Amino acid sequence: MRGKLVYPYSNALLEYEFRRDHPLKPDRLKLTYLLSQQLGLLDKVKELKPAFASREELELFHSSEFINAVVDSGTNNNAYPHYGLGTADNPIFPQIHETGARYVGATLDAIRAIMDGASNAFCISGGLHHAHKNAASGFCIYNDIVIAIKMLHKKQNSKVLYFDFDAHHGDGVQNAFYRSKDVLTISVHQTGQTLFPGTGFIYETGAAEGIGYSVNVPLIPGAGTPELLRVFDDVVVPLFESFKPDLLVTQMGVDGHYLDPLAHLTYTSHGYETVVGKLREISTEICKLGWLAVGGGGYHPVNVARLWTLFLAVMLDEDIPNKMPDEFRETCNEMGYKDIPEFMRDKNEVVQMYFSREDIVLDLERALRRVKELVFPYHGL
Ligand SMILES: [Zn+2]
C-alpha cells in the first residue's frame, strides 16, 4: 500500500514575484491553495513545507557560472541578458536566487517523497519548463523538473515519461534529455510559429540514442478540447503503453484554457478533467514509482485556482461540488478580480475562436500522421 498524495506548499513560495505588473502572479498559488482547502481536499493529502534546493542540487542541471549570475543579479542588481536575467520576461529582483531555489526545493521534496513510497505528488509551484542549463527563460529561473528527474537518476535507474500540456512548448525539459532514451518527453502546445518559445516542431525528435524519444505535437490557434483528447488517445496512450515508464511526470500549465490571456488555445475544464483522469488510471496501472505532477503556466489567477483544484480532486479521485464556494468568490472579489467563474467546470466543452473547426481538424490530422511516421517506429508501433 503506497502513501498519501504529497502536496508541497508554504506561503514563502509567494515571494517568487518578478514585478507587481508581471503576469506570473503569486496569487495563482495562494488562490489554488485556498480553494483546495475550502473544498476539503487538503485534508486528504500530506502537506510538506518546502526547503531550499542546495547549490549541489541546482548543479545537477545548471552551470556554476549561471547560478553565480543569478546570485549576483539578486544581490547587486546586475542584469545578465546573455543568461536571460534582467530581460522583459525575467526582470531581476532581490531574492531571485533564493526564491528560485525554494521552487526547486518544493519539487525535490515531492520526488523524494515518491521515492520513499508516496503514491503521487502535486507540486503547484513547480513546472518551470523553459529554464535552460545556462539561461533563465520565459519566467523560469531554475528548472525544477529537470533537476528532480536528474536527482531520481542519481539514486536509481528508471524510465520517465514526461508529458507537458502547457500552452507553450516544454523546451527546457526536452533539450535537457534530447539525447536520452531514459526520458521520453511529449509536449502538446500552441505552435512555435505563433507563440513563445518558437520551438516544439514535429521534426524535433531527439538525437544520438535518444532519437524517437522527444515528441512534439504543435497545434494551431483555436485548437481545444477535441484536439487535446485526440492527441492523448492517438499519441500519449500508445507511447505510454510501449515505453512502460517507472515514473510519470506531468507539467500541467493551464494557459491553454480559453480564458487565458497569454496563449490562443481553447481547452476547457472537460478536456483537462478527462486527460487528468486518464493519466491517473494509466499511471496507476503502469508506473511502479508513481506520478509527479507539477503546475506551470496559467495567467488568469482565479481560473488557475479553479483548474488546479479540479486536477487535485481528480488525482485524489474525490468528488467535489460543481458550484464554486461563495466564500472563495468573495475573497477573489476583495482581491480585485472580476469575472469570477460561478462553477468549477466550464459550461461548454468546445469553444470556437480564431481558426475554423475545419481548419483545426485538418491541421491536426496532418500533424498526427507526421508524428506517427517519425516517432512510432522507434517504439515498435
Ligand atoms: Zn505556458
Worksheet item: How many residues, within segment 185-218, are touching a Lys or Arg at 6+ places or on another chain (Cβ under 8 Å), under 18 Å from His132 (Cα atoms) and among the aliphatic types (A, V, I, L, M)?
Response: 1
Response to the item:
Selection from segment 284-304 of residues assigned to a helix (DSSP H, G or I) and crowded, with 22+ Cβ neighbours inside 10 Å yields Val302, Asn303, Val304
Discussion item. Of everything in segment 176-200, what is away from the ligand (no atom under 14 Å from the Cβ) and closer than 24 Å to Tyr299 by Cβ? Give them in sequence order.
Written reply: Thr185, Ile186, Gln193
Item to complete: Go through His189, His168 for me and flag whichever is closer than 18 Å to Leu279 by Cα, touching a Pro at 6+ places or on another chain (Cβ under 8 Å), buried (at least 23 other Cβ atoms within 10 Å of the Cβ) and at pLDDT 95 or above.
Response: His189
Discussion item. Can you tell me which residue is surrounded by the fewest Cβ atoms within 10 Å (Cβ to Cβ) among those in segment 124-154 that are under 24 Å from Thr32 (Cβ atoms) and away from the ligand (no atom under 16 Å from the Cβ)?
Written reply: Ile147
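For (1) within 15 Å of the chain's Cα centre (by Cα); (2) outside any strand (DSSP E or B); (3) within 16 Å of the ligand (Cβ to nearest atom); (4) crowded, with 23+ Cβ neighbours inside 10 Å, each residue gets a yes or a no:
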position	(1), (2), (3), (4)
Glu227	no, yes, no, yes
Pro238	no, yes, no, no
Leu248	yes, no, no, yes
Asp255	yes, yes, yes, yes
Leu259	no, yes, yes, no
His264	no, yes, yes, no
Lys278	no, yes, no, no
Ile282	no, yes, no, no
Discussion item. Let me confirm something: among Asp363, Asp346, which residue is part of a helix (DSSP H, G or I), crowded, with 17+ Cβ neighbours inside 10 Å and acidic (Asp, Glu)?
Written reply: Asp363
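The values are calculated or read from the model by the stated rules, or taken from the named source; none is laboratory data. Only a predicted model underlies this, so the values are computations on that prediction, with no experimental measurement involved. All Cβ positions, glycine included, derive from the backbone under ideal geometry; neighbour counts span all protein chains shown.
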